[in-house]
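The values are calculated or read from the model by the stated rules, or taken from the named source; none is laboratory data. Note that the structure is predicted; figures quoted are calculated from it, not measured. Glycine gets a Cβ as well: all are built from the backbone with ideal geometry, and neighbour counts include every protein chain shown. All accessible areas refer to the heavy atoms of the entire protein, side chains included, with ligands and DNA or RNA removed. Shrake-Rupley method; radii C 1.70, N 1.55, O 1.52, S 1.80 Å.
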Amino acid sequence: MDYDDDGMLDIIVGERNGPVHYYRRTSEAPITLTKETDLVCGGITIDVGYNSAPVCVDWNEDGNRDLLIGNESPGYIRLYINDTIGSKPVYNTYTLIESSGTSIVRYRNCPQVYDMNLDGKKDILVGANDGYIHYYENTGTNDNPVFTVSEIIISTGSSGARFWINDWNEDGLPDVLTSNFNGLIRVYIQLFLSIEEGETSAARTLAASTNPFAGSVIISADGFNNGIISIYDLQGRAVLTEPFSGIFEWNAPEASSGCYFAEVHDNQGSSSVRLLKL
């Protein structure tokens, strides 16, 4: 990921002893990385104990990179909000991610943020020492996530579950690659969305002119009064947000192929549609 907004991909990596390392890319050809100072919070080097597991994400949708870090013990997930607008994030404090008012605790956890049920909101998944992938659905909003329950979606068959999310077979649904202490890598293909989606009235249901689409797609609906349309990627990141008065054309020739989620809302409610970009 581009940590310092210079157009080149950098590396943020956790370490056994608890800090988070930052390797800044200084050239593309040849690829050159320079190890910078370990990430700090409030001027002090971040140290989560053992087995830091970082992931960068715009948690509150303010356009800045925030930071989640899992650890070994007690297994909390720390949230560091980026307090600056600039080329390098600045963290001054952290909070703990909660579910139903209690801090999430998973021994040797490794968190990831992804919109697993394609509802336009970022969810949390956690690989843990128990060998399971735990899924926490976001029941709040995309810019203010709330978690109330969790469920096990995958058993890796051994301890030390680690994973990555990707649309492996390019069918528009997020799949999961897992590993564990036995050294095997497995691919879990999602066949359909098992989480029920809320129903909307026919008059407030969005429609796409072509789906899948290549260069552009027209999104239309009746019954919305001076609404807002937002388009999200599978990680719950807003690609764009624009006014909506019944019809909107998304010109996306440079957008990456994959699944997106268009949501329109006004003062009477919201409706959504999934989009597949070829």
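Details
- Extreme residue, farthest from Met1 (Cα to Cα), among residues of segment 89-101 that are open to solvent by less than 70 Å² (accessible area, probe 1.4 Å) and assigned to a loop (DSSP other than H, G, I, E, B): Gly101
- Hits in segment 72-88 - residues which are part of a loop (DSSP other than H, G, I, E, B), touching a strand residue (DSSP E or B) at 6+ places or on another chain (Cβ under 7 Å) and within 25 Å of Arg108 (Cβ to Cβ): Tyr76
- Arg106 being of a type in the set (Lys, Arg) and not in a loop (DSSP other than H, G, I, E, B): no
- Restricting attention to segment 231-249, the residues that are over 16 Å from Gly172 (Cβ atoms) and either of a type in the set (Phe, Trp, Tyr) or not in a loop (DSSP other than H, G, I, E, B) (or both) total 9.
- All conditions in (1) closer than 19 Å to Ile81 by Cβ; (2) at pLDDT below 95; (3) open to solvent by 60 Å² or more (accessible area, probe 1.4 Å) hold for Asp47, with the sole exception of (2).
- The residue of segment 229-257 that is farthest from the chain's Cα centre (by Cα), among those that are open to solvent by less than 90 Å² (accessible area, probe 1.4 Å) and among the small types (Gly, Ala, Ser), is Gly246.
- Taken together, the residues in segment 237-278 that are farther than 20 Å from Gly63 by Cβ and in contact with a Lys or Arg (Cβ under 7 Å, 6 or more places away or on another chain) amount to 5.
- Condition met for Tyr80 (modelled with pLDDT under 95, out of contact with any Pro (no Cβ under 7 Å at 6 or more places or on another chain), aromatic (Phe, Trp, Tyr) and under 28 Å from Ser150 (Cα atoms)): no
- Unmet requirement for Val126, which otherwise passes all of (1) in a loop (DSSP other than H, G, I, E, B); (2) surrounded by 16 or more Cβ atoms within 10 Å (Cβ to Cβ): (1)
- Considering residues of segment 9-26 that are outside any strand (DSSP E or B) and within 20 Å of the chain's Cα centre (by Cα) only, the residue surrounded by the most Cβ atoms within 10 Å (Cβ to Cβ): Asp10
- Selection within segment 129-146: residues that are closer than 24 Å to Arg186 by Cβ and part of a loop (DSSP other than H, G, I, E, B). The member of this set that is least open to solvent (accessible area, probe 1.4 Å) is Gly131.
- The one condition in (1) farther than 23 Å from Thr241 by Cα; (2) open to solvent by 60 Å² or more (accessible area, probe 1.4 Å); (3) of a type in the set (Ser, Thr, Tyr); (4) at pLDDT 90 or above that Ser209 fails to fulfil: (1)
- Residue satisfying all of: in segment 177-198; in a loop (DSSP other than H, G, I, E, B) and modelled with pLDDT of 90 or more; surrounded by the most Cβ atoms within 10 Å (Cβ to Cβ) among these: Asn180
- Residues (part of a strand (DSSP E or B) and without any contact (Cβ under 8 Å) to a residue 40 or more places away in the chain) located in segment 27-42: Ser27, Glu28, Ile31, Thr32, Leu33, Thr34, Lys35
- Within segment 212-224, the set of residues being under 25 Å from the mean Cα position of the chain (by Cα) and open to solvent by 20 Å² or more (accessible area, probe 1.4 Å) comprises Pro212, Ala214, Gly215, Ser216.
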